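Participant: Dropping the structure in here first, questions after.
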Amino acid sequence: MTIDTDDTQPRHFLDVDDLSEEELFAVLDRADEYKRAVEAGEDHADLSGQTLGMLFQKASTRTRVSFETGMTQLGGHAIFLGEDDIQLGRGEPLKDTSRALSRYVDAVMARVFKHENIEVLAEYSSVPIVNGLTDDAHPCQTLADLLTIREHEDGLEDVSAAWIGDGNNVAQSFALGCALTGVDLTIATPEGYEVDDAVLERARELGGDPTATTDPVDAVTDADIIYTDVWISMGQEDERDVRMDDFAGFQVSSDLLEHAPEASVMHCLPAHRGEEITDDVIEGERSVVFDQAENRLHAQKALLSWLLE
């Protein structure tokens, strides 16, 4: 005997290129509208009565608070579900968790380790699944990144960005987002820490032409945006000594910024000040890091309302 699944096919957001170029710009436009509504104190309860389940295998500050606050501002409700709070932490299969949650909530945001786990949730869900982060991708961060760049560069046309550091999940989603929106991207990583070749190929298929290098100075020269992230992510603490040696020379510092005198600086946070970025840079007048953090709220509200329309 097999268990019937819902035949409806919801839209999921597992990585940035689950949206077309047109859809991505529509979400960014909606995010602009929500941001203006918040600033004006205007009601925008577009998801009144709807509930977001938030499934966390990995801890977070910005992801939890931005999604929960966003649902409240949209007139809905969010439920935090830590791994130990539900049966998932006691061995329940992900597919069972997904099917059960689908009967209770209108959408699920999941922050998990393995990307295949978010794919299983999506396969068995009858409501939209949103990737709040996996080891391979962080698409919600990319929405906020693009919104921030568009605000500070008056658009996304003729913008050049440089990624400096680890070719991690944030870098991979950012590469796809840049490809979809026409942002020219150069990625500087140490050898052995490159963005996955399959991701770069996907970016090229989307119309992008990302450049890969091991020279951070070459990458940032005349860039409009310089973006970095931690060198040691959650779960990599035992690699600290090796990584600190491997990433020597990749710090975003005032010396590096001399090669891009007009560039704004981005970081997805949390930052390890004194490692991948210096304190004076993240606190400096060229930093847009906290605009970027705020824009997680507006971009994710736009995504949720678009998915649940």
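The values are calculated or read from the model by the stated rules, or taken from the named source; none is laboratory data. It should be emphasised that the depicted structure is a prediction, and the values quoted were computed from it without experimental measurement. When we count neighbours, we look across all protein chains shown, and the Cβ atoms used for this are built from the backbone with ideal geometry, even at glycine.
Participant: With Glu157, Glu205, Glu194 as the choices, which residue is over 12 Å from the mean Cα position of the chain (by Cα) and within 27 Å of Gln57 (Cβ to Cβ)? Break it down stepwise before answering.
Facilitator: Numbers: Glu157 fails: within 27 Å of Gln57 (Cβ to Cβ); Glu205 fails: within 27 Å of Gln57 (Cβ to Cβ).
Unique residue meeting the criteria: Glu194.
Participant: Next up: Taking region 208-230 on its own, how many of its residues are closer than 30 Å to Ala59 by Cβ and surrounded by fewer than 23 Cβ atoms within 10 Å (Cβ to Cβ)?
Facilitator: Residues that pass the stated criteria total 1.
Participant: Within region 119-138, which residues are in contact with a Gly (Cβ under 9 Å, 6 or more places away or on another chain) and surrounded by 20 or more Cβ atoms within 10 Å (Cβ to Cβ)? Can you show your working first?
Facilitator: Going through region 119-138, the residues in contact with a Gly (Cβ under 9 Å, 6 or more places away or on another chain) turn out to be 127, 135, 138.
If the condition is that a residue be in contact with a Gly (Cβ under 9 Å, 6 or more places away or on another chain) and surrounded by 20 or more Cβ atoms within 10 Å (Cβ to Cβ), then Val127, His138 are the ones that fit.
Participant: Further, regarding this structure: State which residue pairs qualify: first residue in the same structural domain as Glu276 (by TED's automatic domain parsing) and free of Cβ contacts under 8 Å to residues at least 12 places away in the same chain and inside region 224-241, second residue among the β-branched types (Val, Ile, Thr) and not in a loop (DSSP other than H, G, I, E, B) in any location, beta carbons under 8 Å apart, and separation of 6 or more residues or different chains.
Facilitator: The qualifying pairs do not exist here.
Participant: Among (1) among the hydroxyl-bearing types (Ser, Thr, Tyr); (2) loosely packed, with under 15 Cβ neighbours inside 10 Å; (3) closer than 18 Å to Val16 by Cα, which single condition is Ser48 missing?
Facilitator: (3)
Participant: I would also like to ask the following. Quick one: which strands (runs of 3 or more DSSP E) sit completely within region 200-309 and have at least 1 residues that are among the small types (Gly, Ala, Ser)? Even if it seems obvious, please write down each step before you answer.
Facilitator: On the way: elements: 211-213, 225-228, 264-267.
Qualifying strands (runs of 3 or more DSSP E): 211-213, 264-267.
Participant: From the set of residues in region 79-117 that are among the β-branched types (Val, Ile, Thr) and closer than 22 Å to Arg296 by Cβ, which is surrounded by the most Cβ atoms within 10 Å (Cβ to Cβ)? Step through it out loud before you land on a result.
Facilitator: Pass one, region 79-117, residues among the β-branched types (Val, Ile, Thr): 79, 86, 97, 105, 108, 112.
When the remaining residues are screened for being closer than 22 Å to Arg296 by Cβ, the result is 79, 105, 108, 112.
Working: Ile79: 16, Val105: 22, Val108: 27, Val112: 22.
By that ranking, first place goes to Val108.
Participant: Please go through region 272-307 and give me each residue that is hydroxyl-bearing (Ser, Thr, Tyr) and touching a residue at least 24 places away in the same chain (Cβ under 8 Å), ordered by number. If you could, list the steps in order and put the result at the bottom.
Facilitator: Taking region 272-307 first, the residues hydroxyl-bearing (Ser, Thr, Tyr) are 278, 287, 305.
Within region 272-307, Thr278, Ser305 meet the criteria.
Participant: Considering each of Thr134, Thr211, Thr142, Thr186 in turn, give the residue that is within 22 Å of Thr278 (Cα to Cα) and among the hydroxyl-bearing types (Ser, Thr, Tyr). Please lay out each step first, then the result.
Facilitator: Details: Thr134 fails: within 22 Å of Thr278 (Cα to Cα); Thr211 fails: within 22 Å of Thr278 (Cα to Cα); Thr142 fails: within 22 Å of Thr278 (Cα to Cα).
Testing whether each residue is within 22 Å of Thr278 (Cα to Cα) and among the hydroxyl-bearing types (Ser, Thr, Tyr) leaves just Thr186.
Participant: Looking only at region 273-309, filter to residues that are in contact with a Phe, Trp or Tyr (Cβ under 7 Å, 6 or more places away or on another chain) and of a type outside the set (S, T, N, Q); which one of those is nearest to Cys140 (Cα to Cα)? Lay out the reasoning, then the answer.
Facilitator: As a first pass, look at region 273-309 and keep what is in contact with a Phe, Trp or Tyr (Cβ under 7 Å, 6 or more places away or on another chain): 275-276, 298, 300-303, 307.
From what's left, of a type outside the set (S, T, N, Q): 275-276, 298, 301-303, 307.
Details: Glu275: 25, Glu276: 22, His298: 11, Lys301: 10, Ala302: 11, Leu303: 9, Leu307: 13 Å.
The residue in question is Leu303.
Participant: Same structure, new question: Can you name the residue in region 183-199 that is among the acidic types (Asp, Glu) and not in a helix (DSSP H, G or I) and is also surrounded by the fewest Cβ atoms within 10 Å (Cβ to Cβ) among such residues?
Facilitator: The residue in question is Glu191.
Participant: Cβ contacts < 8 Å: first residue on the phi > 0 side of the Ramachandran plot, restricted to region 128-155; second residue buried (at least 21 other Cβ atoms within 10 Å of the Cβ), any location; separation 6+ or different chain. Result?
Facilitator: Matching pairs, first to second residue: Leu133/Thr63; Leu133/Arg111; Leu133/Val112; Leu133/Cys140; Leu133/Gln141; Leu133/Asn169.
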